[in-house]
Structures are given as structure tokens and as C-alpha cells.
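J.: After the C-alpha cells below, expect a handful of questions from me.
The values are calculated or read from the model by the stated rules, or taken from the named source; none is laboratory data. Everything numeric here is computed off the predicted structure, so don't read it as measured data. Positions of Cβ are backbone-derived with ideal geometry, glycine not excepted, and every protein chain shown enters the neighbour counts.
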Amino acid sequence: MYPIQFPISKFKYLWLGFMDKGIKIISRCLLSTVCLVLFMGSAYGGPSKKLAEPVYKEMRPEKIPFDPGKIPDPFLSYLVKRGQLASAKAEGERKKKLEAEERLKQQKLAAEERLKQQKFAAAEKLKALKKARTELQKMGLSQLTLTAIVQAGDVPWAMVRDESGRGFVLKKGTYIGTNGGVVSKIAFAEKKVIIKEPYLEKELHIKYKPVELELPDQVYD
């Protein structure tokens, strides 16, 4: 047998082609590596800038402080435990009842205080109404005598006289008497003067009652 011989020129061309392809592949890899390094450097602000450290979330549950009092006693009898629960429930209900009673007591005290203030305000208002502002308000109605009623057009007026003989003219709205009275009506036909006097109803509300001064059948000088 004769050995196979390749022509030297053909082998040389194959070897050169293989080397050329290898060099191209290596050049492309180096170029890609350089481009990647440059891209990463521009994306993160240069190689001198430190990257942000990753944030790790705590996955473990929150640690609860150990409380020995909350651990059930395995040697405690069921009946004893039930009795303790019943006692605790009764104690809680007792506390709630006491709190409700205390709230009711406070509300009652507040209501009494409001009522007291309202009574005081009503009494002060009545006192102001009874305050003497004129000479007629310094004399009681029993000290005055109705002496005349005159109808002058649509406006009637009357006259009263005190024990000393002094005369006073009355018109609608005239204050008279020591009880804060005010003339509300002068009835010419009925020959009387109607006065309304303020008073307190249940120590809270200002009300008015009518008081009449009648003209005597005979008026003496």
C-alpha cells in the first residue's frame, strides 16, 4: 500500500483559512466585551460609582415578648379553670355595672346643675322685672285707688291716687306696683284697669297673672 499524500499547497490554504476564521471570532468577542463594559459603565455612572446595595425584607415574624402568665397550667383542674373563668366574667360584669352607675350619677349631677342654673337665671329675671324704676313701682296696689277712667278717642287712660292724695296717670304699658306689674288693658265700659304681674312657675318659667283695679261706685275727693 502506498501512503496518501496531500498536496502541500492545498493544506496550507486550509490552515490559513482556519486561522483567519479564528482571528475574526476572537476579534468579535473582544469587541463585544469592550462594548459591554462601556455600556455598563455609562449606565451606572462610571466605574467609580458604587451600586446600591440590595434591600432585604425581614421575613421572620415579629418577636412577641414572653409572658409566663398567659401559659395555661396543664395541671389545673377543669372545674377550677371553669370557676376562674366564671369569676373573671362576674368581675367584668360588676365593673361594667359600676361604670354604668357612675355615668348615670354624673349625668344626674349635670342635670341637677343645669336645673339649678336655670332656676337661678329665672329668679334673676323676675328680680329684674320687679325692680322699682318709677314712683308707682314703690307702692303696692293696695295703696292705690282707681279714681277715673277717661276715653280720649281710641286711647283710654286712667288715674289712681295714693294714700297721701297724690295722683298718677295710667296708660297701657305703665309699670305699677311692687310686684313688677304693668298695665295691659284699660276697660272703659267695665270701669277697671287690668294689670299683669310676673311670677315664677315651678321656679323655672316666667308667667303673668292678671290683677284688676276697679273703679269704685262713688269716688270721694
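J.: Which one is farthest from the chain's Cα centre (by Cα), of the residues in the range 188-204 that are hydrophobic (A, V, I, L, M, F, W, C) and modelled with pLDDT under 90?
T.: Filtering the range 188-204 for residues that are hydrophobic (A, V, I, L, M, F, W, C) and modelled with pLDDT under 90, the one farthest from the chain's Cα centre (by Cα) comes out as Ala189.
J.: Please enumerate the residues belonging to the range 179-196 that are without any contact (Cβ under 8 Å) to a residue 40 or more places away in the chain and either more than 16 Å from Gln151 (Cα to Cα) or not charged (D, E, K, R) (or both).
T.: Selection gives Val182, Val183, Ser184, Ile186, Ala187, Phe188, Ala189, Ile194, Lys196.
J.: Same structure, new question: How about the range 186-209: which of its residues are acidic (Asp, Glu) and touching a helix residue (DSSP H, G or I) at 6+ places or on another chain (Cβ under 7 Å)?
T.: Residue satisfying the conditions is Glu203 alone.
J.: In addition: Look through the range 131-158, keep the residues that are touching a Gly at 6+ places or on another chain (Cβ under 8 Å) and loosely packed, with under 15 Cβ neighbours inside 10 Å, and return whichever of them is farthest from Glu214 (Cα to Cα).
T.: Lys131
J.: Condition check: within 19 Å of Lys131 (Cα to Cα) and either surrounded by 15 or more Cβ atoms within 10 Å (Cβ to Cβ) or modelled with pLDDT under 90 (or both). Does Gly173 satisfy that?
T.: When the stated conditions are applied, Gly173 does not pass them.
J.: With the requirement that a residue be within 30 Å of Lys116 (Cβ to Cβ), in a loop (DSSP other than H, G, I, E, B) and of a type in the set (Asp, Glu), what does the range 171-219 give you?
T.: Listed by number, the list holds a single entry, Glu203.
J.: Can you find a residue in the range 140-158 that is of a type outside the set (A, V, I, L, M) and under 53 Å from the mean Cα position of the chain (by Cα)?
T.: The answer is yes; a qualifying residue exists.
J.: Does Val150 fit the bill of being assigned to a strand (DSSP E or B) and farther than 30 Å from Leu115 by Cα?
T.: Spelling it out, Val150 is indeed assigned to a strand (DSSP E or B) and farther than 30 Å from Leu115 by Cα.
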